[in-house]
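One structure is given below, encoded as C-alpha cells.
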C-alpha cells in the first residue's frame, strides 16, 4: 500500500495505519517496508516497540525474514508521546503488548500531523481480540490484514495457535511455541485440546475418588 500522498495538502492532520494478522503473517515485514520508504523520502522517522519484546534484539525491530530497522524500546505507551517530538512518521511494533493508552497516544500523534504506522496481533492464542488492537483498528484510517499460511491445511491462516500448555496471555515465542492456523484447523485444534483437558480432569476426579475410598 502506498499511503504517503494526500489530496488536500492544506490539511495538517496525520493519520493512523494498522497492520494486523496472525503470527508469521508478515506484519513486521510490512511495517519495516513502509518505514524504510519514509526514510528514503528523507522524512524523520522514529520506531518504538514494547520493552518486553527481546526475542531478536533489544533495540532493533526484526522480522522473521531478518529485515531490520532500529527502534526504541519503551516500557509504556506514554513514553512514545514524549519521544516522538518533531517526527513525520512514527512506527510502533507489537502494539498488542502495550497498555490501553496506546490508542490515545496514536490518535494524539495523528492529530499533531504525524503519520502513525502500527503493527500487531489482532487475536491472542485463544482467538480473542488482543489488548488495544480492536480500538486501534476502529480509529485508524487504514487497516491492512495480512495472512500466514496454515501449517496443517496450506490455506490462509489468521489464527496463532499455541502448541504448549502455558496459559499466560503474553508468552514470547516462535515456531516452537506457535503455529499459524486457518479457521477450520484452529477450531479442530481447540476442540481437541478441550477434549484432552476434559479427559485429564475426569482421570483426576477418578483418582481422587479412589484415594478417598482407600482412606475410608
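How would you rank 29-39, 141-151, highest first, on the average number of other Cβ atoms within 10 Å across their residues?
Per-residue mean Cβ counts within 10 Å order the peptides as 29-39, 141-151.
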Highest mean packing first, using Cβ neighbours within 10 angstrom, the peptides 44-50, 92-98, 186-192 sort as 92-98, 44-50, 186-192
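Throughout, read-outs are computed from the coordinates displayed, never taken from laboratory work. The model shown is predicted, which means the values in this text are computed figures rather than measured ones. Reconstructed Cβ throughout: ideal geometry from the backbone, glycine too, with neighbour counts over all protein chains shown.
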